[in-house]
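The values are calculated or read from the model by the stated rules, or taken from the named source; none is laboratory data. Every value quoted in this text rests on a predicted model; they were computed, and no experiment measured them. Cβ atoms come from the backbone with ideal geometry, glycine included; neighbour counts cover every protein chain shown.
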Amino acid sequence: MSAGAQTKIVGFKTATDSIQTSTPGTADALYPGGTCPSGFGDVPRNFLRGPGVWQLDLALAKRFPIKEQVQVDFRAEAFNLFNRAMYANADGLVSASDFGRIYLPLNTTPVGLGTPRQMQFMLKFSF
């Protein structure tokens with residue numbers, strides 16, 4: 001993208017003036033609905049929002065002294081404590097038959113935001 005190119009939003013896709021292949025106001029592959037009276041389109045930024053993301057992680061720790069130099073540490077951690085499902089954004093391709101549908105969870109890896117509830121415990125003996 002060149003330094004002077006201005007990004008304009010078309011439905012849910014972006015295009016730049018520098019790669020424009022058709023005249024504004026005419027049918028364009030970037031505007032599947034046909035002609036757009038204002039050129040590339042007039043959808044504002046952040047026009048649609050996906051599902052919200054909210055997750056609570058909790059950690060509890062306790063130290064138990066046994067003798068002067070001996071102690072036991074216990075720690076319990078829970079990630080996504082309420083096991084709330086979080087989904088990815090909807091399909092944003094305007095010309096697709098499944099436009100606006102949500103198919104996937106937010107995260108498909110075993111760690112990170114949006115995973116199922118995970119709990120772990122730790123017991124450490126220090127002397």
ask   = On the given criteria, is Leu93 loosely packed, with under 13 Cβ neighbours inside 10 Å and either under 21 Å from Arg49 (Cβ atoms) or in contact with an Asp or Glu (Cβ under 9 Å, 6 or more places away or on another chain) (or both)?
value = no
task = Report yes if Pro116 is of a type outside the set (S, T, N, Q), assigned by TED's automatic domain parsing to the domain that holds Ala59 and in contact with a Gly (Cβ under 7 Å, 6 or more places away or on another chain), otherwise no.
result = no
